[in-house]
Amino acid sequence: MKRIVAFAVALLALLTLAVAPSSAAPATTLATTSSVVVVKENGRSFAARVIQPTGSAPGAYPVIVFGHGFAQSSARYTSTLTSWAQRGYVVVAPDSQVGLLPSHSAFADDLVAAAAWAHRTQPNAALATVLAGHSMGGGAAVLAAARTSGVTGLVLLAPAETRPSAVAAAAGVTALSLTVVGSKDTIVPSSQSLSIANAFAGPDSQYVVEGGFHCGFVDSSSFFGLGCDKGSITRAQQLAITQSVTGDWLDANG
């Protein structure tokens, strides 16, 4: 059964709104390391950011592969990617298809390749794979999930429709999914994102961040904010909510 949970800013449960995103961390926070690598897998080659817990813990940490939004880079999602790694995940974020004419299909293939690369090369990686993404990257994550086996979950932040269609691809995806949208999103309206979520063949959870906006899912706006929207909460507030909600869901389902 579909579950829709609306998040109201005024709720006492969201006291994290008043603090910086980096404070929205679980009780146990692992030290992490970050590096930029070149992924070579499945005949593909591209740069990617890898953030994961430090130290040796063979097979202990599920893999999260994250797709960035249109004309963005993985660096703009550092706080969220780090918050996941601090909970015990190997996070890989490709920096491919960052131009003004991206191929959604190629980006999906890069996400699939990044997951395979992580399992092949990262000793701490567990078998579980979560595909995640924002906007274009969220739609590409859906395409990727439909193209590969072994995906245990999806975490989508304001996912956008893609070419080929993420809505159509979702009908063949049975993995658990979480879709987070902002009620004030004017770039990818929540109705578009939720049309993807509603198409999933498997169980999905949907969370609405009241007052949230599209650019509120990134750490900073590119192009001096041109083309960005605004919400009725701050970016810091939205990131704190997003990192708490997605992290808790990952720990329960990832």
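Points to keep in mind about this one:
- Filter result for Gly67 (open to solvent by less than 10 Å² (accessible area, probe 1.4 Å), touching a Ser or Thr at 6+ places or on another chain (Cβ under 7 Å) and closer than 20 Å to Gly227 by Cβ): no
- Number of positions in region 125-139 that are surrounded by fewer than 24 Cβ atoms within 10 Å (Cβ to Cβ) and closer than 16 Å to Gly216 by Cα: 0
- Residues that are touching a helix residue (DSSP H, G or I) at 6+ places or on another chain (Cβ under 6 Å) and open to solvent by less than 20 Å² (accessible area, probe 1.4 Å) within region 70-89 comprise Thr80, Ser83, listed in sequence order.
- Matching entry among Ala93, Ala57 (being surrounded by fewer than 24 Cβ atoms within 10 Å (Cβ to Cβ) and among the aliphatic types (A, V, I, L, M)): Ala57
- Considering region 176-195, the residues that are of a type in the set (A, V, I, L, M) and over 15 Å from the mean Cα position of the chain (by Cα) include one that is farthest from Thr78 (Cα to Cα), namely Leu194.
The values are calculated or read from the model by the stated rules, or taken from the named source; none is laboratory data. Just so you know, these numbers come straight off a predicted model, no measurement behind them. Note that each Cβ is placed from the backbone with ideal geometry, even for glycine, and that neighbours are counted across all protein chains shown. The area values use the complete protein model at the heavy-atom level, side chains included, leaving out ligands, DNA and RNA. Shrake-Rupley method; radii C 1.70, N 1.55, O 1.52, S 1.80 Å.
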